[in-house]
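Colleague: Below is one structure. I have some questions about it.
The values are calculated or read from the model by the stated rules, or taken from the named source; none is laboratory data. Keep in mind the model is a prediction, meaning the values are calculated, not measured. A quick note on method: Cβ atoms are made from the backbone with ideal geometry, for glycine too, and the neighbour counts reach across all protein chains shown.
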Amino acid sequence: MAQKAKKRLRVNPIACEAHGVCLELLPELLGADPWGYPVVSEHPVPDRLLGHARRAVESCPTLALLLVEETGAEPVSTRRRS
């Protein structure tokens, strides 16, 4: 039986400009450092918060927040490109 891939949040620190949108949309998994940049939980995103995580990713004005699938290999972004 195949194991379900875990989804985790990642932040591209170079792209992030600390707008804080993600912090407001997903406080359960994101905190802020002293300068207002997001600090991401190391835990996988629980199924009950996946919708909120996707909304936070899609709302990031600089595309710095990513939702990645980890299957044991390199993480793969689940962000949809327009």
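Colleague: If you check every pair at least six apart or on different chains, which have Cβ atoms under 6 Å apart with a residue in segment 46-63 that is surrounded by 13 or more Cβ atoms within 10 Å (Cβ to Cβ) first and a residue that is among the small types (G, A, S) second?
Modeller: Matching pairs, first to second residue: T62/A15.
Colleague: Let me ask you something else. When segment 1-36 is examined, which residues are found to be assigned to a loop (DSSP other than H, G, I, E, B) and hydrophobic (A, V, I, L, M, F, W, C)?
Modeller: M1, A2, A5, I14, A15, C16, A18, L26, L29, W35
Colleague: Which residue is modelled with the highest pLDDT, if the candidates are limited to segment 58-77 and must be over 13 Å from P44 (Cβ atoms) and of a type in the set (V, I, T)?
Modeller: T62
Colleague: Here are V39, V68: which of them is free of Cβ contacts under 8 Å to residues at least 40 places away in the same chain, among the β-branched types (V, I, T) and in a strand (DSSP E or B)?
Modeller: After ruling out the rest, the residue left standing is V39.
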